[in-house]
Amino acid sequence: MSNAATRTIVGRRTKYLVVVLWLLFVALLGPLASKLSGAEKNDAQAWLPGKAESTREISLQAAFQSPNTYDAVAVYRRGGGLTVPDRSKIASDARKFATVGVVDGAITGPLFSKDQSSALVVVPLDLGVNGWNQSENIVGRMKAIMRGDRGLEFHVTGPAGYAADSAGAFKGIDGTLLYAAMAVVIVILLITYRSPILWILPVLSTGISLMVAEGLIYLLARHGLVVNAMSAGILTVLVFGAGTDYALLLVARYREELRRHEDRHEAMARALHRAGPALVASAGTVVLGMMCLLVAETNSTAGLGPVAAIGVIVALLAMVTLLPALLVVCGRWVFWPSWPRFGSNDPAASGFWARTGERIGRHPRRVWVLTAAVLGALAVAVTGLHANGLTNKQAFRGHPDSIAGEAVLTREFPAGAGSPVVVVARAPAASQVRADLAATPGIGEIVGPVVKGGEAYLQGTPYYRPDSSAAFATVERVRTALHRIPGADALVGGDSAVNLDERQAARHDRALIIPVVLLVVLAVLGLLLRSLIAPVVLVATVLLSFGSALGISALAFNHLFGFGGADASFPLYAFVFLVALGIDYNIFLMTRVREEAAHHGTRAGALTGLAATGGVITSAGFVLAGTFAVLSTLPVTSFAEIGFTVALGVLLDTLVVRSILVTALNLDIGRWMWWPSRLAVQGRHDSDGSPVQEARGMSASPVGSAVEG
């Protein structure tokens, strides 16, 4: 940021104008923020791979059945066998189910198990575009009808039952995440600042940026931007985590400049000028990394990219405009009881991280080799990560009703009842399609074909649970058989097909997006640090950190939490968040190291950079880890896994990789870290301890001239 721009933001009069402008943004966009949950699209097509066969089948089936129709499978069971009154009640319930909502087709059942202990009724419910949000209420009405004599067990499972339990798990997620993230941030800021007042300004600025971002995203959602429950939930955590990180960086730099400048306006202008490039580069890397998600095949992944990017952009703007203005308006007293007095010494020069740097500097090669070996050993455990998707049971933490019903259904009936394989094909080939579908191993009863407008619609009941490997194999066999029929143009969908296509798309997305994100990070680091060696070294440390975080997570998922697996998209989300956000700490550290190296040589630059930035990076890491750890409190396994892994990875990044491994590499590689820039030539005197010529216009202070991190 230029000196002119920074002086404009915190001028003696314009600081009030900046505050007023943000209050206007809140007044205009704040009321819209509360409407964001109502603009979410949680229908099937908002989550599915856009080009997948199952997604195209959903579009074609609209001529026969609404694409928003979910089968609700009502399951009854009595241990000693269903009584005559039970059977009469179940038949009566089947008729009453027509009143719970829009029934799209015929209600099937009641059907009874062979031992007459269980019964099921399948109700095809058209839940509408916002069916995911309505499913809990409609399923609740079904359960009210089913409630009867004591001893008669009843559940609602199938796609509508899973949707209802998912909606219940996500209910209030925005408020839960907001208050939990805010509490984490407040506690960490109180510990970091040791001030009962200062924490208010970063939290206020972050809260305002979240409100403005949500209002802006709501407007964009009304004009085509896809927002679902996942992206809305992650937005809250991301804005609070990243925004507070930027606030920590700026406040630390401002406090340092207050010791050098008596006028607080001048101090803030210098702080913004010095910290601005690091802030912009950090946020820019996150934004570019998130926008890489747009190339994903999975709609939910592609939709997360712009939502997260908008949140980070708004958070950055608030931290470089609103927060500086508020700090200058309040003055030095906001740091009470520990004011940064003009002319006082910076305690970072002799603090914990300065002493840590001295210890690393004694044997830097030994330190980085040992650290890399330990992280590499932890990364080996990633071979135990089973990121092949979660079953319905594994997707929930706890024992929701739909899973209990699924257990009864699997024991007593064809496990695929209520989750058929669905086929849409050309009408002239309908007879052949039916014959080949019926002949496919794993397919039982066939319904249809129903012919409309030149298309034929069929359903086949599979013998296997829709989320099982056997069901996926059945879908692949059906597709192989039907795709061979000349002129049929058959598309195979249904729950099992959707699950299969989602997992295949997730593998495609991570194979494509991970290299793209790495290239983006390399480019940003290369431009910022003006080096070819440093970006490669730093990206290598990022990959090592990511691998070790994934390895530890695999051990925890399998042996501590008992998750039994991970969502197919989990490695991609973990990578994007850890790399895009973790690179912030690289930028905070290395921009400071580079500028200090320009004054005092690469060795002194590495040590001074760590001393000056270690505290801020540690605090920022705890904030980001704490906010993402909030996701682990949700009863949804995929969120818990992302929250745990990102929190763990961020802590590894800040406490080990950035502070120890990168510092040791800086010391060992020396001036070659900055090749081919001029700094690599300037650093040639490091070995004999002679001073390096200062860059024109830079301060000679060993601690305070460069970007605070």
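The values are calculated or read from the model by the stated rules, or taken from the named source; none is laboratory data. No experiment lies behind these values; they were computed from the predicted model shown. A quick note on method: Cβ atoms are made from the backbone with ideal geometry, for glycine too, and the neighbour counts reach across all protein chains shown.
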Count of the range 206-231 residues which are more than 28 Å from VAL19 (Cβ to Cβ) and of a type in the set (A, V, I, L, M):
6
Inspect the range 442-454 for any residue being out of contact with any strand residue (DSSP E or B) (no Cβ under 8 Å at 6 or more places or on another chain), buried (at least 19 other Cβ atoms within 10 Å of the Cβ) and either without any contact (Cβ under 8 Å) to a residue 60 or more places away in the chain or assigned by TED's automatic domain parsing to the domain that holds GLN65 (or both) and give the result as yes or no.
no
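Every residue in the range 490-511 that is outside any helix (DSSP H, G or I) and over 21 Å from ARG426 (Cα atoms), please. Can you show your working first?
Applying the first criterion (outside any helix (DSSP H, G or I)) to the range 490-511 yields 490-494.
Within the range 490-511, none qualify.
Could you please let me know if VAL517 is in contact with a helix residue (DSSP H, G or I) (Cβ under 7 Å, 6 or more places away or on another chain), not aromatic (Phe, Trp, Tyr) and not assigned by TED's automatic domain parsing to the domain that holds PRO420?
Working: in contact with a helix residue (DSSP H, G or I) (Cβ under 7 Å, 6 or more places away or on another chain): yes; not aromatic (Phe, Trp, Tyr): yes; not assigned by TED's automatic domain parsing to the domain that holds PRO420: yes.
So VAL517 fits the description; yes.
With the range 387-441 as the region, which helices (runs of 4 or more DSSP H) entirely inside it contain at least 2 residues that are aliphatic (A, V, I, L, M)? Explain how you work it out, then say what you get.
Working: elements: 392-395, 401-412, 430-439.
So the answer is 401-412, 430-439.
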Those residues of the range 92-116 which are touching a strand residue (DSSP E or B) at 6+ places or on another chain (Cβ under 6 Å) and either closer than 19 Å to ALA417 by Cα or surrounded by fewer than 17 Cβ atoms within 10 Å (Cβ to Cβ) (or both), in sequence order
ALA94, PHE97, VAL102, ASP104, GLY105, ILE107, THR108, GLY109, PRO110, LEU111, PHE112
Looking at this structure, is TYR179 touching a residue at least 12 places away in the same chain (Cβ under 8 Å) and either more than 21 Å from the chain's Cα centre (by Cα) or not assigned by TED's automatic domain parsing to the domain that holds PHE639 (or both)?
no
Answer yes if at least one residue in the range 560-568 is of a type outside the set (D, E, K, R), in a loop (DSSP other than H, G, I, E, B), modelled with pLDDT of 85 or more and crowded, with 23+ Cβ neighbours inside 10 Å, and no otherwise.
yes
Hey, can you tell me all the residues within the range 538-555 that are more than 19 Å from the chain's Cα centre (by Cα), touching a residue at least 60 places away in the same chain (Cβ under 8 Å) and surrounded by fewer than 24 Cβ atoms within 10 Å (Cβ to Cβ)?
THR541, LEU544, LEU555
